[in-house]
Amino acid sequence: MKTVIKKVDLKNIEACKDDLDEAGRIIREGGLVAFPTETVYGLGGNAFDKCASSKIYNAKGRPSDNPLIVHIADFKDIEKVAEDISTKAKKIMERFWPGPVTLIFKKKKEVPYETTGGLDTVAVRMPSHPVAMRFIKSAGVPIAAPSANTSGRPSPTTAQHVAEDMNGKIDMIIDGGQVDIGLESTIVDMTDKVPVILRPGYITKEMLEREIGKVEVDRVVLAKSKKELGGDNYVPKAPGMKYRHYAPKAELIMFQGNDEKVAAEINKRSYESIRQGKAVGIICTDETRSLYRYGVVISVGSREDEKTIAHNLYGVLRDFDMENVDYIYSEAFYDTGLGQAIMNRLIKAAGYHVEKV
Ligand code: TXA
Ligand code: MG
(Lines give C-alpha, C1' and ligand atoms only; values in the text may rest on other atoms or scores of the structure.)
(Ligands and ions follow the chains in the order given, each with its own letter.)
Protein backbone atom coordinates (compact mmCIF):
# COMPACT_ATOMS: atom_id res chain seq x y z
CA MET A 1 0.00 0.00 0.00
CA LYS A 2 1.21 3.49 -0.80
CA THR A 3 1.03 5.90 2.12
CA VAL A 4 0.26 9.46 1.05
CA ILE A 5 1.71 12.23 3.22
CA LYS A 6 -0.22 15.53 3.23
CA LYS A 7 1.32 18.56 4.87
CA VAL A 8 -1.05 20.95 6.60
CA ASP A 9 -0.28 24.63 7.12
CA LEU A 10 -1.27 25.24 10.75
CA LYS A 11 -1.62 28.96 10.07
CA ASN A 12 -4.14 28.31 7.33
CA ILE A 13 -5.86 24.97 7.89
CA GLU A 14 -8.79 25.83 5.62
CA ALA A 15 -6.34 26.07 2.70
CA CYS A 16 -5.83 22.31 3.19
CA LYS A 17 -9.56 21.62 3.25
CA ASP A 18 -9.44 19.26 0.25
CA ASP A 19 -6.77 17.05 1.85
CA LEU A 20 -8.64 16.92 5.17
CA ASP A 21 -11.89 16.07 3.40
CA GLU A 22 -10.05 13.34 1.51
CA ALA A 23 -8.77 12.03 4.87
CA GLY A 24 -12.35 12.00 6.17
CA ARG A 25 -13.48 10.06 3.10
CA ILE A 26 -10.74 7.45 3.66
CA ILE A 27 -12.05 6.95 7.22
CA ARG A 28 -15.67 6.54 6.06
CA GLU A 29 -14.52 3.95 3.53
CA GLY A 30 -12.77 1.90 6.20
CA GLY A 31 -9.17 3.10 5.70
CA LEU A 32 -6.56 4.39 8.16
CA VAL A 33 -5.20 7.93 8.55
CA ALA A 34 -2.52 9.11 11.00
CA PHE A 35 -3.11 12.63 12.33
CA PRO A 36 -1.58 15.09 14.78
CA THR A 37 -3.14 15.73 18.19
CA GLU A 38 -1.84 18.03 20.92
CA THR A 39 -0.37 14.98 22.76
CA VAL A 40 1.09 12.58 20.15
CA TYR A 41 0.15 11.46 16.62
CA GLY A 42 -2.83 9.09 16.45
CA LEU A 43 -3.57 6.29 13.99
CA GLY A 44 -7.25 6.73 13.16
CA GLY A 45 -10.01 4.51 11.85
CA ASN A 46 -13.83 4.60 12.06
CA ALA A 47 -14.62 3.66 15.68
CA PHE A 48 -17.89 1.97 14.63
CA ASP A 49 -16.19 -0.22 12.02
CA LYS A 50 -14.75 -3.42 13.48
CA CYS A 51 -12.71 -4.08 10.34
CA ALA A 52 -11.05 -0.67 10.65
CA SER A 53 -10.14 -1.44 14.27
CA SER A 54 -8.64 -4.79 13.22
CA LYS A 55 -6.59 -2.96 10.59
CA ILE A 56 -5.26 -0.63 13.29
CA TYR A 57 -4.10 -3.58 15.43
CA ASN A 58 -2.43 -5.10 12.38
CA ALA A 59 -0.63 -1.92 11.32
CA LYS A 60 0.73 -1.42 14.86
CA GLY A 61 1.42 -5.08 15.57
CA ARG A 62 -0.61 -4.46 18.74
CA PRO A 63 -2.23 -7.20 20.85
CA SER A 64 -5.98 -7.05 20.18
CA ASP A 65 -6.88 -7.04 23.90
CA ASN A 66 -5.46 -3.53 24.21
CA PRO A 67 -8.38 -1.11 23.66
CA LEU A 68 -8.33 2.00 21.48
CA ILE A 69 -9.27 5.56 22.48
CA VAL A 70 -12.31 6.97 20.66
CA HIS A 71 -11.85 10.59 19.55
CA ILE A 72 -14.75 13.00 19.08
CA ALA A 73 -14.90 16.63 17.99
CA ASP A 74 -18.33 17.60 19.25
CA PHE A 75 -19.63 17.35 22.84
CA LYS A 76 -22.90 15.80 21.77
CA ASP A 77 -21.08 12.88 20.14
CA ILE A 78 -20.25 11.48 23.59
CA GLU A 79 -23.83 10.17 23.60
CA LYS A 80 -23.09 8.05 20.53
CA VAL A 81 -20.33 6.07 22.20
CA ALA A 82 -20.72 6.20 26.01
CA GLU A 83 -23.35 5.73 28.75
CA ASP A 84 -23.74 6.70 32.42
CA ILE A 85 -21.94 10.02 32.19
CA SER A 86 -21.70 11.27 35.75
CA THR A 87 -21.79 14.87 36.98
CA LYS A 88 -18.10 14.62 37.81
CA ALA A 89 -17.34 13.48 34.28
CA LYS A 90 -19.34 16.38 32.88
CA LYS A 91 -17.33 18.78 35.02
CA ILE A 92 -14.04 17.37 33.72
CA MET A 93 -15.28 17.56 30.15
CA GLU A 94 -16.42 21.16 30.56
CA ARG A 95 -13.13 22.21 32.10
CA PHE A 96 -10.58 20.20 30.10
CA TRP A 97 -12.16 19.31 26.74
CA PRO A 98 -11.08 19.78 24.11
CA GLY A 99 -7.75 18.76 25.64
CA PRO A 100 -5.37 16.03 26.78
CA VAL A 101 -7.59 13.97 29.08
CA THR A 102 -9.30 10.67 28.20
CA LEU A 103 -12.31 9.44 30.18
CA ILE A 104 -13.52 5.86 30.56
CA PHE A 105 -17.25 5.11 30.56
CA LYS A 106 -19.60 2.21 30.00
CA LYS A 107 -19.71 1.72 26.23
CA LYS A 108 -22.74 2.03 23.97
CA LYS A 109 -23.53 -1.21 22.19
CA GLU A 110 -22.84 0.45 18.82
CA VAL A 111 -19.13 0.56 19.68
CA PRO A 112 -17.77 -2.84 18.62
CA TYR A 113 -15.72 -4.99 20.99
CA GLU A 114 -12.96 -4.87 18.39
CA THR A 115 -12.54 -1.18 19.26
CA THR A 116 -12.64 -1.68 23.05
CA GLY A 117 -10.40 -4.74 23.13
CA GLY A 118 -13.33 -6.86 24.32
CA LEU A 119 -14.22 -4.55 27.25
CA ASP A 120 -17.67 -3.20 28.14
CA THR A 121 -16.11 0.20 28.71
CA VAL A 122 -14.88 2.77 26.20
CA ALA A 123 -12.16 5.43 26.46
CA VAL A 124 -13.18 8.78 24.95
CA ARG A 125 -11.31 12.00 24.33
CA MET A 126 -11.81 15.28 22.50
CA PRO A 127 -8.42 16.48 21.25
CA SER A 128 -7.73 20.22 21.06
CA HIS A 129 -5.43 20.17 18.04
CA PRO A 130 -7.17 22.17 15.28
CA VAL A 131 -6.14 19.66 12.58
CA ALA A 132 -7.49 16.73 14.63
CA MET A 133 -10.74 18.63 15.18
CA ARG A 134 -11.15 19.46 11.51
CA PHE A 135 -10.29 15.90 10.43
CA ILE A 136 -12.73 14.23 12.86
CA LYS A 137 -15.49 16.60 11.74
CA SER A 138 -14.84 15.86 8.09
CA ALA A 139 -14.94 12.10 8.78
CA GLY A 140 -18.36 12.56 10.40
CA VAL A 141 -17.82 9.53 12.69
CA PRO A 142 -15.97 9.06 16.01
CA ILE A 143 -12.38 8.03 15.34
CA ALA A 144 -10.66 5.17 17.16
CA ALA A 145 -6.99 6.03 17.47
CA PRO A 146 -4.09 4.64 19.41
CA SER A 147 -0.73 6.37 19.21
CA ALA A 148 0.59 5.95 15.64
CA ASN A 149 3.73 3.95 16.52
CA THR A 150 4.61 0.32 16.03
CA SER A 151 3.64 -1.42 19.27
CA GLY A 152 6.51 -1.14 21.77
CA ARG A 153 8.17 1.91 20.17
CA PRO A 154 7.96 5.42 21.62
CA SER A 155 4.82 7.31 20.54
CA PRO A 156 5.37 9.57 17.50
CA THR A 157 5.60 13.31 18.05
CA THR A 158 6.33 14.19 14.39
CA ALA A 159 4.93 12.97 11.06
CA GLN A 160 8.45 11.71 10.30
CA HIS A 161 8.24 9.36 13.34
CA VAL A 162 4.88 8.09 12.06
CA ALA A 163 6.35 7.46 8.60
CA GLU A 164 9.27 5.48 10.14
CA ASP A 165 6.76 3.05 11.67
CA MET A 166 3.74 3.15 9.35
CA ASN A 167 4.96 3.79 5.82
CA GLY A 168 3.29 1.31 3.43
CA LYS A 169 0.83 0.13 6.11
CA ILE A 170 -1.75 2.93 6.19
CA ASP A 171 -3.52 5.15 3.63
CA MET A 172 -2.51 8.63 4.72
CA ILE A 173 -0.41 10.64 7.16
CA ILE A 174 -1.50 14.21 7.88
CA ASP A 175 1.67 16.14 8.68
CA GLY A 176 0.98 18.93 11.17
CA GLY A 177 4.59 19.31 12.32
CA GLN A 178 5.85 18.53 15.82
CA VAL A 179 3.12 18.14 18.44
CA ASP A 180 2.94 20.38 21.46
CA ILE A 181 2.75 18.24 24.63
CA GLY A 182 4.67 15.13 23.54
CA LEU A 183 3.23 12.61 26.05
CA GLU A 184 -0.08 10.75 25.74
CA SER A 185 -3.26 12.01 27.43
CA THR A 186 -4.12 11.46 31.09
CA ILE A 187 -6.55 8.52 31.32
CA VAL A 188 -9.21 8.67 34.05
CA ASP A 189 -11.58 5.80 34.77
CA MET A 190 -14.98 7.37 35.53
CA THR A 191 -16.83 4.09 36.09
CA ASP A 192 -16.25 4.03 39.88
CA LYS A 193 -17.49 6.56 42.45
CA VAL A 194 -13.97 7.86 42.98
CA PRO A 195 -12.33 8.45 39.59
CA VAL A 196 -9.00 6.68 39.11
CA ILE A 197 -6.04 7.86 37.01
CA LEU A 198 -4.89 4.88 34.95
CA ARG A 199 -2.21 6.78 33.03
CA PRO A 200 -0.72 10.13 34.15
CA GLY A 201 -0.38 12.95 31.64
CA TYR A 202 -0.38 16.69 31.16
CA ILE A 203 -3.64 17.07 33.14
CA THR A 204 -2.45 16.18 36.64
CA LYS A 205 -4.21 14.69 39.66
CA GLU A 206 -4.05 18.13 41.34
CA MET A 207 -5.74 19.80 38.36
CA LEU A 208 -8.53 17.19 38.34
CA GLU A 209 -9.03 17.36 42.12
CA ARG A 210 -9.51 21.11 41.93
CA GLU A 211 -12.58 20.46 39.76
CA ILE A 212 -14.15 17.34 41.24
CA GLY A 213 -12.54 16.51 44.61
CA LYS A 214 -10.85 13.21 45.37
CA VAL A 215 -9.15 11.34 42.55
CA GLU A 216 -7.11 8.17 43.00
CA VAL A 217 -4.06 6.97 41.09
CA ASP A 218 -3.93 3.32 39.99
CA ARG A 219 -1.10 1.52 41.73
CA VAL A 220 0.42 0.43 38.43
CA VAL A 221 1.22 4.12 37.83
CA LEU A 222 2.95 4.53 41.18
CA ALA A 223 4.94 1.28 41.05
CA LYS A 224 8.68 1.89 41.05
CA SER A 225 9.63 -1.74 40.50
CA LYS A 226 8.21 -4.93 39.01
CA LYS A 227 7.81 -6.17 42.60
CA GLU A 228 5.69 -3.16 43.61
CA LEU A 229 3.64 -3.83 40.50
CA GLY A 230 2.80 -7.25 41.87
CA GLY A 231 5.14 -9.25 39.65
CA ASP A 232 4.54 -10.20 36.04
CA ASN A 233 1.01 -11.45 36.66
CA TYR A 234 -0.60 -8.23 37.84
CA VAL A 235 -3.41 -7.14 35.52
CA PRO A 236 -3.69 -3.33 35.35
CA LYS A 237 -7.02 -1.64 34.59
CA ALA A 238 -5.64 -0.04 31.42
CA PRO A 239 -4.57 -3.14 29.50
CA GLY A 240 -1.94 -1.13 27.62
CA MET A 241 -0.05 -0.37 30.82
CA LYS A 242 1.05 -4.00 31.13
CA TYR A 243 3.00 -4.04 27.89
CA ARG A 244 6.60 -2.85 27.75
CA HIS A 245 5.72 0.39 26.03
CA TYR A 246 7.90 3.28 25.01
CA ALA A 247 10.87 1.00 24.71
CA PRO A 248 14.03 2.17 22.99
CA LYS A 249 16.22 -0.43 21.26
CA ALA A 250 19.07 0.15 23.73
CA GLU A 251 19.07 -0.91 27.37
CA LEU A 252 17.97 2.14 29.35
CA ILE A 253 19.06 2.65 32.95
CA MET A 254 17.85 5.58 35.04
CA PHE A 255 19.89 7.05 37.90
CA GLN A 256 18.25 8.80 40.83
CA GLY A 257 20.02 11.09 43.33
CA ASN A 258 21.50 14.56 43.49
CA ASP A 259 22.77 16.05 40.23
CA GLU A 260 26.50 15.75 40.92
CA LYS A 261 26.32 12.16 42.18
CA VAL A 262 24.15 11.10 39.23
CA ALA A 263 26.54 12.73 36.75
CA ALA A 264 29.56 11.14 38.43
CA GLU A 265 27.96 7.67 38.30
CA ILE A 266 26.86 8.11 34.67
CA ASN A 267 30.36 9.31 33.70
CA LYS A 268 31.87 6.26 35.37
CA ARG A 269 29.43 3.82 33.74
CA SER A 270 29.83 5.47 30.33
CA TYR A 271 33.60 5.29 30.53
CA GLU A 272 33.44 1.58 31.42
CA SER A 273 30.90 0.79 28.68
CA ILE A 274 32.87 2.67 26.03
CA ARG A 275 36.07 0.84 27.04
CA GLN A 276 34.17 -2.40 26.42
CA GLY A 277 33.43 -1.21 22.89
CA LYS A 278 29.80 -0.25 23.55
CA ALA A 279 28.06 2.90 22.29
CA VAL A 280 26.48 5.04 25.00
CA GLY A 281 23.78 7.72 24.94
CA ILE A 282 23.08 10.05 27.85
CA ILE A 283 19.80 11.79 28.62
CA CYS A 284 20.47 14.93 30.66
CA THR A 285 18.99 18.40 31.01
CA ASP A 286 20.08 21.92 30.05
CA GLU A 287 21.12 22.51 33.66
CA THR A 288 23.36 19.43 33.89
CA ARG A 289 24.70 19.04 30.36
CA SER A 290 28.16 20.44 31.14
CA LEU A 291 28.70 17.70 33.76
CA TYR A 292 28.98 14.88 31.18
CA ARG A 293 32.20 13.83 29.50
CA TYR A 294 31.59 10.67 27.44
CA GLY A 295 29.11 9.25 24.95
CA VAL A 296 26.40 10.95 22.90
CA VAL A 297 24.96 13.52 25.31
CA ILE A 298 21.48 14.89 24.57
CA SER A 299 19.62 17.40 26.72
CA VAL A 300 15.94 16.49 26.84
CA GLY A 301 14.91 19.98 28.05
CA SER A 302 15.07 22.26 31.03
CA ARG A 303 14.35 21.26 34.63
CA GLU A 304 12.99 24.79 35.09
CA ASP A 305 10.21 23.98 32.63
CA GLU A 306 9.14 20.31 32.66
CA LYS A 307 6.92 20.89 29.63
CA THR A 308 10.08 21.03 27.51
CA ILE A 309 11.09 17.59 28.83
CA ALA A 310 7.68 16.05 27.99
CA HIS A 311 7.82 17.73 24.59
CA ASN A 312 11.21 16.26 23.63
CA LEU A 313 11.34 12.91 25.46
CA TYR A 314 10.07 10.51 22.78
CA GLY A 315 12.05 12.26 20.06
CA VAL A 316 15.24 11.81 22.08
CA LEU A 317 14.51 8.09 22.58
CA ARG A 318 14.00 7.73 18.82
CA ASP A 319 17.21 9.68 18.15
CA PHE A 320 19.11 7.15 20.23
CA ASP A 321 17.50 4.32 18.24
CA MET A 322 18.94 5.97 15.10
CA GLU A 323 22.34 6.31 16.75
CA ASN A 324 22.24 2.58 17.50
CA VAL A 325 23.59 3.01 21.03
CA ASP A 326 23.84 -0.07 23.27
CA TYR A 327 23.10 1.73 26.54
CA ILE A 328 21.15 4.85 27.43
CA TYR A 329 21.97 6.31 30.84
CA SER A 330 19.34 8.80 31.97
CA GLU A 331 18.85 11.24 34.80
CA ALA A 332 15.62 10.82 36.80
CA PHE A 333 12.97 13.50 37.36
CA TYR A 334 10.68 14.62 40.18
CA ASP A 335 7.63 12.42 40.55
CA THR A 336 5.08 15.21 41.02
CA GLY A 337 2.86 17.19 38.64
CA LEU A 338 3.86 16.65 35.02
CA GLY A 339 6.97 14.89 36.34
CA GLN A 340 4.77 11.94 37.29
CA ALA A 341 3.91 11.37 33.61
CA ILE A 342 7.54 11.82 32.54
CA MET A 343 8.79 9.36 35.17
CA ASN A 344 6.00 6.87 34.38
CA ARG A 345 7.10 6.73 30.71
CA LEU A 346 10.83 6.67 31.49
CA ILE A 347 10.53 3.95 34.14
CA LYS A 348 8.67 1.76 31.65
CA ALA A 349 11.21 2.53 28.92
CA ALA A 350 13.84 1.38 31.41
CA GLY A 351 11.89 -1.81 32.18
CA TYR A 352 11.94 -0.63 35.87
CA HIS A 353 15.75 -0.49 35.92
CA VAL A 354 16.33 2.47 38.26
CA GLU A 355 19.48 2.81 40.38
CA LYS A 356 19.76 5.11 43.39
CA VAL A 357 23.14 6.80 43.77
O1 TXA B 1 -2.92 11.12 23.87
C2 TXA B 1 -3.44 10.03 23.61
O3 TXA B 1 -4.21 9.47 24.39
C4 TXA B 1 -3.09 9.39 22.26
C5 TXA B 1 -3.67 10.28 21.16
C6 TXA B 1 -3.52 9.68 19.81
O7 TXA B 1 -5.00 10.56 21.44
N8 TXA B 1 -3.61 8.06 22.18
C9 TXA B 1 -3.06 7.02 22.87
O10 TXA B 1 -3.64 5.79 22.61
O11 TXA B 1 -2.14 7.14 23.64
P12 TXA B 1 -2.97 4.39 22.97
O13 TXA B 1 -3.84 3.39 22.33
O14 TXA B 1 -1.57 4.39 22.57
O15 TXA B 1 -3.14 4.26 24.50
C16 TXA B 1 -4.44 4.03 25.01
C17 TXA B 1 -4.38 3.49 26.40
C18 TXA B 1 -3.91 2.06 26.48
O19 TXA B 1 -3.05 1.90 27.58
C20 TXA B 1 -5.22 1.31 26.68
O21 TXA B 1 -5.04 0.10 27.36
C22 TXA B 1 -6.03 2.30 27.49
O23 TXA B 1 -5.70 3.53 26.91
N24 TXA B 1 -7.49 2.12 27.33
C25 TXA B 1 -8.23 2.33 26.22
N26 TXA B 1 -9.52 1.99 26.44
C27 TXA B 1 -9.59 1.57 27.72
C28 TXA B 1 -10.66 1.09 28.54
N29 TXA B 1 -11.90 0.95 28.09
N30 TXA B 1 -10.36 0.74 29.82
C31 TXA B 1 -9.09 0.87 30.30
N32 TXA B 1 -8.06 1.32 29.56
C33 TXA B 1 -8.30 1.67 28.30
MG1 MG C 1 0.38 3.99 22.61
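The values are calculated or read from the model by the stated rules, or taken from the named source; none is laboratory data. Everything numeric here is computed off the predicted structure, so don't read it as measured data. Glycine also receives a Cβ, built like all others from the backbone with ideal geometry; neighbour counts cover every protein chain displayed. To get the accessible areas, we keep the full protein, side chains included, count just its heavy atoms, and leave off ligands, DNA and RNA. Shrake-Rupley method; radii C 1.70, N 1.55, O 1.52, S 1.80 Å.
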Those GluC sites (Glu not before Pro) in the range 1-68 that DSSP places in a loop and that have at most 12 other beta carbons within 10 Å | E29
Can you list the aspartates and glutamates whose alpha carbon is less than 19 Å from that of K278, not counting same-chain residues fewer than 8 positions off?
-> E251, E265, D319, D321, E323, D326
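Classify the range 139-294: rounded, prolate or oblate, from the alpha-carbon gyration tensor (a ≥ b ≥ c, eigenvalue square roots; a/c under 1.5 rounded; otherwise prolate if a/b is larger than b/c)?
oblate
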The range 1-115: C-alpha gyration tensor shape, a/c 1.5 cut-off, then a/b vs b/c = oblate
The extension gain from K227 to V194, computed as 0.36 nm times the residue separation minus the Cα-Cα distance, is 9.3 nm
Could you please state how large a percent of the accessible area of the chain is carbon and sulfur, counting protein chains only and using a 1.4 Å probe?
-> 49 percent
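Take the residue pairs K55/K307; K226/K268; K108/K214; K214/K261 and return only those whose Cα atoms are more than 29 Å apart.
Exceeds cut-off: K55/K307; K214/K261.
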Accessible area per residue in Å² at 1.4 Å probe, computed on the range 4-229 | 40 Å²
Rounded, prolate or oblate: pick one for the chain, where a ≥ b ≥ c are the square roots of the eigenvalues of its C-alpha gyration tensor, a/c under 1.5 means rounded, and failing that, prolate if a/b is larger than b/c, else oblate.
-> prolate
In whole angstrom, note down how far apart the Cα centers of the range 30-88 and the range 265-318 are.
-> 35 Å
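Exceeding 25 Å between C-alpha atoms, which entries from my cross-link table qualify? They are K17/K90; K106/K348; K224/K249.
Long pairs (Cα-Cα over 25 Å): K17/K90; K106/K348.
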Roughly speaking, what is the stretch gain from K91 to K137, that is 0.36 nm per residue apart minus the C-alpha to C-alpha distance, in nm to one decimal?
-> 14.2 nm
D74/E211 FRET efficiency (R0 25 Å; Cβ-Cβ; nearest 0.05) | 0.70
